[in-house]
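Student: Here it is: the structure, laid out below.
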Amino acid sequence: MYGKVLICDPVDTVMTDKLKDKFEIDYKPKISSQELLEVIKDYDVVVVRSRTKITKDVISNGKKLKIIARAGIGVDNIDTDYAEEKHIKVVYAPGSSTESVVEITLAMMVIGARSLYKGMENTRKNDFTKLKGMELEGKTLGILGFGRIGKAIVDASRTFKMKFIAYDPMPVEYPEYVKKVSLDELMEQSDVISINVTMRKDSPYILNDNELSKLKEGVIIVNTSRARAINGKDMLKYLKNGKISAFVSDVFWNEPAKEEYEMEMLKLDNVMITPHLGAQTKEAQKRIAIMTADNIINEW
Ligand code: NAD
C-alpha cells in the first residue's frame, strides 16, 4: 500500500529518492502553519526540520497520521507527548550531524577566545588594530550535556591540550580524561563552557541567575544545542557586566529574535550568533535525509 508523505522543510533529494517506491510524496518546503493545519488530514507521514512546528492542533487534525519524522536531531518542535497519546510514532536522525556540529563548536571556541569576529569586522573597515585574546591550551572546557556531540567535542578539542570536565544528570560514561562534576562545579571551574544538551518542548531553563552567578570571571560560553538551556533574560546582565567575556551561539531563543532582551543582546560586542548552521553541511544533510528515510521505511 502506498502511503502519503508531506515534507514541510527543505531536505536533501536523497530522501525522496529513497521513499518514492513506497510513498506518494508532496514536497512543500515553505508550507505555512495554517496550510499545514488544513492539509495534514490527507497524510500518513509528515517530515519536518526545525522550522515547522508539529503542535497538538496539527496532530489532532492529522487523522491518518502514523509517523512524524524529524529530519535532524532535536524533537523540541514536536508535541511528542500528544503524539504518543495518539499512538503516532516519532522518528529522528540521531548522530547524523555530530561531525558538523563538532567542527562549528571548535570554531566558535576559538572565535570567542581570540575575538576573531571583531577582528574581521574591523578589517572590513580597514581597521587593523590588534586585539588580545587567550589561548585555550591549559584551560578548562566544561561540557554541559555529555551525549554524542558533547563527547565528540572533547575528543576533537584534545588537540588544544585543555582540561575536561562534564556534567550530565543521566548515567553516561566518562573517559578517564574527563572529570565528572556537578552543575555547580561546572559553573565554578570552567574557562569555556560548551552546551550540548537535549531539550524537550517544555524543558525548564538549566542555567538561571543562580547558576550564572557562579561562573568564573571572563568565561566563554558556546551553545550549539538549544537556546532554552539558558535563561536569556538572566544571562543579559552577565554579558553586559563582562563576567561572560564571549557568548558564541548557533541557536537563539527566537530565530529571528523578537523579544526585547534578545534585540539588546544582538547589539553587544561579546555576543556572536550564527543562524542555526550546525547541521548545515552537504554531508550532514545527506546523512540526515538517508537516516530519516530509512527510519520512516522501518516504522511503516
Ligand atoms: P544526545 O542525546 O546524544 O546528548 C544530549 C545529552 O544531554 C544527554 O546525555 C542528556 O542526558 C544530556 N542532558 C539532558 N538534559 C540535561 C541537563 N539538564 N543538564 C545536563 N545534561 C543534560 O544528543 P546530541 O546528539 O549530542 O545532541 C545534543 C544537542 O545538539 C541537541 O539539543 C540537538 O538538538 C543539538 N543539535 C544542534 C544542531 C545545530 O544545528 N546547531 C545540530 C544537531 C544537534
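The values are calculated or read from the model by the stated rules, or taken from the named source; none is laboratory data. Just so it is clear, the structure is predicted and the values come from calculations on it, not from any experiment. Neighbour counts are summed over all protein chains in view; Cβ atoms, including those assigned to glycine, are modelled from backbone coordinates with ideal geometry. Each accessible area value is taken on the protein alone, full model and side chains, heavy atoms only, with ligands, DNA and RNA left out. Shrake-Rupley method; radii C 1.70, N 1.55, O 1.52, S 1.80 Å.
Student: Would you mind checking the pairs K163/K214; K22/K53; K151/K180; K132/K240; K4/K53; K151/K258 and listing those with alpha carbons more than 22 angstrom apart? Walk me through the numbers on the way to the answer.
Tutor: On the way: K163/K214 19 Å; K22/K53 25 Å; K151/K180 12 Å; K132/K240 19 Å; K4/K53 19 Å; K151/K258 33 Å.
From K163/K214; K22/K53; K151/K180; K132/K240; K4/K53; K151/K258, over 22 Å: K22/K53; K151/K258.
Student: Can I ask one more? Given the DSSP H assignment, sum -39500 (n - 2.57) over each helix run of at least 4 residues in the chain and divide by its residue total; what's the result at 222 nm in deg cm²/dmol, nearest 500? Don't skip to the answer; put the middle values down first.
Tutor: Details: 12 runs with 106 residues, N = 300.
The per-residue figure over the chain is -10000 deg cm²/dmol.
Student: Limiting things to C-alpha atoms, what are the Rg and the maximum Cα-Cα separation (Dmax) for region 98-273, in angstroms?
Tutor: 15.6, 52
Student: Only loop residues by DSSP count here, and only those with at most 14 other Cβ atoms within 10 Å; note down the GluC sites (Glu not before Pro) in region 108-150 that meet that.
Tutor: Within region 108-150, the qualifying GluC sites (Glu not before Pro) (loop, at most 14 other Cβ atoms within 10 Å) are E135, E137.
Student: To the nearest 10 Å², what's M170's accessible area with a 1.4 Å probe?
Tutor: 120
Student: Hey, what do the phi angles of region 287-293 turn into as Karplus ³J(HN,Hα) couplings, whole Hz, using 6.51/-1.76/1.60 and θ = phi - 60°, x for Gly and Pro?
Tutor: With coefficients 6.51, -1.76 and 1.60, one gets 4, 4, 5, 5, 5, 5, 4 Hz.
Student: Heavy atoms only, 1.4 Å probe, whole protein assembly: order W300, W253 by accessible area, highest first.
Tutor: Details: W300 90, W253 40 Å².
Ranked list, largest accessible area first: W300, W253.
Student: Please identify every one of the GluC sites (Glu not before Pro) in region 229-300 that sits in a loop by DSSP and has no more than 15 other beta carbons within 10 Å of its own beta carbon. Can you show the working numbers first?
Tutor: Details: sites: E259, E260, E262, E264, E283, E299; in loops: E259.
Passing both the DSSP loop test and the Cβ count: E259.
Student: What percent do you get for the relative contact order of region 98-273 when only Cα pairs under 8 Å and 6+ apart count?
Tutor: Values: 314 pairs, mean separation 34.6, N = 176.
RCO, region 98-273: 20 percent.
Student: Here's a follow-up. Rounded to the nearest 10 Å², what accessible area does D184 show when all protein chains are kept and the probe is 1.4 Å?
Tutor: For D184, the solvent-accessible surface is approximately 60 Å².
Student: Between K63 and V110, with labels modelled 7 Å along Cα→Cβ, what's the label distance in nm to one decimal, could you check?
Tutor: For the pair K63/V110, the computed spacing is 5.7 nm.
Student: For the chain, with a Gaussian network of springs between Cα atoms less than 10 Å apart, report the residue from G278, G218, G142 with the top mean-square fluctuation.
Tutor: G218
Student: How big is D, in µm² s⁻¹, for the chain by Stokes-Einstein at 20 °C and 1.002 mPa s if Rh is the Kirkwood radius over C-alpha pairs? Walk me through the intermediate numbers first.
Tutor: On the way: Rh = 20.6 Å.
Diffusion coefficient, whole number: 104 µm²/s.
Student: Run the numbers for E137 and H87: contour at 0.36 nm per residue of separation, minus the present Cα-Cα distance, in nm. Walk me through the numbers before you get to the answer.
Tutor: Numbers: separation 50, 0.36 × 50 = 18.00 nm, distance 5.00 nm.
Here the segment from E137 to H87 would lengthen by 13.0 nm.
Student: Another one. Which one of I59, V5, A107 is farthest out on the positive end of the charge dipole of the chain, using unit charges on Cβ (Lys, Arg +1; Asp, Glu -1) and the Cα centre as origin?
Tutor: A107
Student: In debye, nearest 20, what is the charge dipole magnitude of the chain about its Cα centre with +1 on Lys and Arg Cβ and -1 on Asp and Glu Cβ, if you could check?
Tutor: On the way: 46 positive and 45 negative charges, 89 e Å.
It comes to approximately 420 debye.
Student: Can you pull the accessible area of S32 for me, 1.4 Å probe, Å² to the nearest 10?
Tutor: 60
Student: Subtracting the Cα-Cα distance from 0.36 nm times the residue separation, let me have the gained length for K258 to S213 in nm, one decimal. Before the final figure, lay out each step's value.
Tutor: Details: separation 45, 0.36 × 45 = 16.20 nm, distance 2.57 nm.
Net length gain for the segment: 13.6 nm.
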